[in-house]
Amino acid sequence: MNYFKGRSLCVIDDFSKEERLYLFEKVRELKKAIADGDTEKRDSFRINDPDFGIYEVFLEDSTRTKESFRNAAEFHHAKLTEMSADNSSFNKGESFSDTFNTLCGYNNRIFIIRSKVEGVTRHLDEECTKYAERNNLGFKPVFINAGDGKHEHPTQELLDEYSFLEDNNWDTSYLHIALVGDLYHGRTVHSKADGLTLWSKVKVDLIAPQELAMPEAYVTKMRENGFEVTEYPSIEEYLKSGKCADKWYFTRPQLERMGEKILQKQDELRKSITFRKEFMDKLPQNTRFYHPLPRHKVHPTIPTFLDETPLNGWEKQSINGMYTRIVLLALVSGRIGDDFVPQIRKKEVKDEDWIVEVKPGEKKTRVISEGVNPIRNGIVIDHICRGEKPEEIRRHMILMRRVMNLDSLKGGEWVSQGSDGSYKGIIFRIGHFDLSHKEIKRLAASAPGCTLNIIEDGEVKRKIRTHIPPRIYNFDDLMCTNDACISNDSQNEHVGSMFLRTPDNRFVCAYCGRVHTFKEIFKH
Ligand code: CP
């Protein structure tokens with residue numbers, strides 16, 4: 001069994017820590033074999049099959065990622081094709097899935113895709129795998145995310161991690177790193193929120209002005225992953241702290257992703273994230289700078305006078321790109337990796353823990369606390385948005401009525417105040433109800449923490465306490481709010497939304513990673 005064969009890499013977390021360490025060990029072996037002139041060892045990495053199809057589809061500009069993958073594919077003596085999207089049937093309105101299904105049908109196994117549409121490789125991995133199965137293609141296509149909008153850049157993360165390890169004697173016990181630059185739009189730094197879990201103890205200093213600050217969801221994820229995170233508005237302020245990291249990772253201002261308002265301030269913003277000569281003597285000993293590149297020839301945030309200094313870690317980092325990608329292709333093609341056996345199993349997501357049945361009669365419940373006569377037959381949804389402001393609760397109950405299809409039924413809703421002064425919403429409906437598992441799931445997703453009472457002949461027959469479900473999908477009225485996401489209606493790709501529960505009880509889009517509250521996942 002080869003654990004890597006046929007695996008896609010859509011986000012860095014698709015490869016576990018031990019899988020990445022195995023990959024890095026193979027990169028070390030390959031680099032050594034090449035340096036030593038050990039051709040037998042070097043050739044043991046090659047796919048060596050002129051019919052093995054590798055497709056590059058770059059819908060955004062690139063030099064390093066595209067060319068290192070091209071050189072990696074040539075190393076493998078595989079069939080490399082570059083799709084020219086400009087004169088493809090994308091221009092006739094063809095969808096991503098139809099396009100890539102077609103290319104799979106021509107015996108292409110690995111697709112390397114860069115796009116401004118976020119989550120596209122995850123979607124294609126699902127769709128094209130089904131296509132390959134129903135057409136008996138005999139292989140599972142692999143999708144590699146070469147950068148999707150401002151979401152992730154997992155192969156850059158691989159080569160970054162490899163470079164940090166190589167420069168740090170392969171030590172995975174501790175990493176202190178400063179992330180400097182456009183942390184808002186930069187996808188390479190977003191991949192670090194999961195990627196840096198490779199180290200046992202991680203300290204991350206985020207250096208960016210407020211307009212380019214790391215999105216809150218990634219900061220939260222870093223903290224959930226146990227990182228110590230500190231934020232600074234500029235390099236100048238950071239140096240004053242006297243607690244600087246020995247690794248600085250710069251990322252360029254992503255002008256192409258900025259809105260007009262930020263673009264107008266670009267000179268001022270750039271100043272706070274550009275290194276200057278006068279800063280040199282304030283750096284700790286053995287500091288090294290990294291950069292995914294490109295750097296701007298007029299406004300480099302790492303000035304060129306640093307190229308000839310020991311600070312320069314970015315050139316070796318760039319060179320490592322090709323070796324890392326050679327090994328990645330060797331693994332997912334199944335050429336190498338047979339000897340890898342995972343020691344740690346990924347935690348399975350259980351689907352049951354979001355619904356708790358409370359035995360009727362176990363706790364005496366007054367079905368309706370105020371306002372109307374007791375119900376004989378019906379449902380009462382209680383504890384809606386407990387603790388929120390009355391107007392916010394009322395607004396959310398309008399959405400819930402639609403989500404639960406309650407508008408045409410007899411009943412009512414109100415906001416109630418408890419003895420502790422907090423507010424909660426209550427909805428009741430009259431009639432006989434036999435709610436399905438799917439309907440209860442919708443209720444749990446739209447109002448986690450609420451209780452559902454099903455009343456028959458004046459008695460509570462079923463009482464259910466709900467929590468956020470670990471997964472929610474397969475509903476037409478769910479939608480990710482990120483309009484750059486493949487599953488957002490504005491992309492017209494007809495991808496059903498899917499959300500996964502986060503450790504802090506929010507919902508993350510399974511495609512683009514945007515984090516939502518339970519109030520945001522249903523179409524408004
Ligand atoms: N680091 C990186 O992604 O560079 P390119 O945009 O040149 O591929």
Check your understanding: Long-range amide H contacts for V358: which residues qualify at under 5 Å (H placed 1.01 Å from N, peptide plane, sequence gap of 5 or more or a different chain)?
Key -> K463, I464, R465
Study note, to complete from the structure: A student applying the Cα gyration tensor rule (rounded when a/c is under 1.5; otherwise prolate if a/b is larger than b/c, oblate if not) would label the range 169-311 oblate
Study note, to complete from the structure: For the range 108-124, in residue order, the Karplus 3J(HN,Hα) values (coefficients 6.51, -1.76, 1.60; θ = phi - 60°; whole Hz; Gly and Pro = x) are 9, 9, 10, 10, 10, 10, 10, 8, 7, 7, 7, x, 5, 5, 4, 4, 5
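How much net charge surrounds V341 when only the other residues with a Cβ under 12 Å from the Cβ of V341 are counted, with Lys and Arg +1 and Asp and Glu -1?
Values: positive: R345; negative: E18, E19, D338, D339.
That sum, taken over residues with Cβ under 12 Å, equals -3.
Ignoring ligands, DNA and RNA, what percent of the accessible area of the chain is carbon or sulfur (1.4 Å)?
The C+S portion of the solvent-accessible surface of the chain is 47 percent.
If you take all C-alpha pairs in the range 355-469, what percent of them are over 24 Å apart? Before the final figure, lay out the partial values.
Values: 1098 of 6555 pairs.
Distances greater than 24 Å cover 17 percent of the Cα pairs.
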Point to revise | Spacing of the two label points (7 Å from each Cα toward its C-beta) at Q417 and E439, in nm | key: 3.4 nm
Check your understanding: Just going by the charge dipole of the chain, with Lys and Arg at +1 and Asp and Glu at -1 on Cβ, which of P374, I344, G418 is farthest out on the positive end?
Key -> P374
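With an 8 Å cut-off on Cα pairs and a minimum separation of 6 or more residues, tell me the relative contact order of the chain in percent. Don't skip to the answer; put the middle values down first.
Working: 968 pairs, mean separation 73.2, N = 524.
Rounded, it is 14 percent for the chain.
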Exercise for review: Enumerate the amide H contacts of V229 below 5 Å, restricted to partners 5 or more residues apart or on another chain; note that Pro and chain-start residues carry no placed amide H.
Suggested key: V204
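Once the piece of chain linking N492 and F279 is laid out straight, how much longer is it, given 0.36 nm per residue of separation minus the C-alpha distance between them?
Numbers: separation 213, 0.36 × 213 = 76.68 nm, distance 4.92 nm.
Here the answer is 71.8 nm.
Please work out the Kirkwood hydrodynamic radius for the range 19-58, using every pair of different C-alpha atoms, and report it in angstroms with one decimal place. Present the calculation step by step, with values, prior to reporting the outcome.
Numbers: mean 1/r = 0.0847 Å⁻¹.
About 11.8 Å, per the Kirkwood formula over Cα pairs.
For I430 and Q254, FRET efficiency with R0 = 51 Å and r from the beta-carbon atoms, rounded to 0.05? It would help to have the intermediate numbers written out before the result.
Values: r = 55 Å, r/R0 = 1.08.
That pair, Q254 with I430, gives E of 0.40.
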Point to revise | Free-standing Cys, the chain [no other Cys Cβ under 4.7 Å] | key: C10, C104, C128, C244, C385, C450
Point to revise | At R0 = 30 Å, FRET efficiency that the Cβ-Cβ distance of Y106 and Y473 yields, to 0.05 | key: 0.45
Check your understanding: Quick one: which of 23-35, 195-207 comes out on top by average Cβ neighbours within 10 Å, and what's the full order, highest first?
Key -> 195-207, 23-35
**Study point:** Calculated on alpha-carbon atoms, Rg and Dmax of the range 78-169 in Å
**Key:** 15.3, 52
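Tell me the Kirkwood hydrodynamic radius of the chain in angstroms, computed as one over the mean inverse distance between distinct C-alpha pairs.
Working: mean 1/r = 0.0389 Å⁻¹.
Over the chain, the inverse of the mean reciprocal pair distance is 25.7 Å.
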Exercise for review: Would you check the accessible area of Y184, probe 1.4 Å, heavy atoms only, in square angstrom rounded to 10?
Suggested key: 90 Å²
Review point. If you plug each phi of the range 311-327 into the Karplus form 6.51 cos²θ - 1.76 cosθ + 1.60 with θ = phi - 60°, what whole-Hz ³J(HN,Hα) values come out, in order, with x for Gly and Pro?
Key: 5, 6, x, 7, 6, 5, 4, 5, 4, 4, x, 5, 5, 4, 6, 4, 5
Study note, to complete from the structure: Long-range amide H partners of Y249, meaning residues 5 or more apart or on another chain whose placed amide H is closer than 5 Å, are A178, L179, V180, Y290
Exercise for review: Enumerate the calculated ³J(HN,Hα) couplings along the range 503-511 in order (Karplus 6.51 cos²θ - 1.76 cosθ + 1.60, θ = phi - 60°), each rounded to whole Hz, writing x wherever the residue is Gly or Pro.
Suggested key: x, 9, 6, 10, 10, 10, 5, 5, 9
Exercise for review: Please give the calculated 222 nm ellipticity per residue for the chain, where each DSSP H segment of at least 4 residues contributes -39500 (n - 2.57) and the sum is spread over every residue; nearest 500 deg cm²/dmol?
Suggested key: -9000 deg cm²/dmol
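Which length gain, in nm to one decimal place, applies between T309 and K271 when the Cα-Cα distance is subtracted from 0.36 nm times their residue separation?
Net length gain for the segment: 11.5 nm.
Please report the antiparallel percentage of DSSP beta bridges with both residues in the chain, rounded to the nearest 5. Don't skip to the end; give the middle numbers.
On the way: 37 of 76 bridges.
Of all bridge pairs located within the chain, approximately 50 percent are antiparallel.
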Review point. From the residues Y184, L103, V358, which one has its Cα farthest along the dipole of the chain in the positive direction, the dipole being from +1 and -1 charges on Cβ of Lys/Arg and Asp/Glu about the Cα centre?
Key: V358
**Study point:** Accessible surface of D98 - all protein chains present, 1.4 Å probe, nearest 10 Å²
**Key:** 80 Å²
Exercise for review: Skip the ligands, DNA and RNA, and give the accessible area per residue of the chain with a 1.4 Å probe, whole Å².
Suggested key: 47 Å²
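The values are calculated or read from the model by the stated rules, or taken from the named source; none is laboratory data. This is a predicted model, so every value here is computed, not measured. Cβ coordinates were reconstructed from backbone atoms using ideal geometry, including for glycine residues, and neighbour counts include every protein chain displayed. When the accessible area is computed, the model is the full protein with side chains, heavy atoms only, and any ligands, DNA or RNA have been set aside. Shrake-Rupley method; radii C 1.70, N 1.55, O 1.52, S 1.80 Å.
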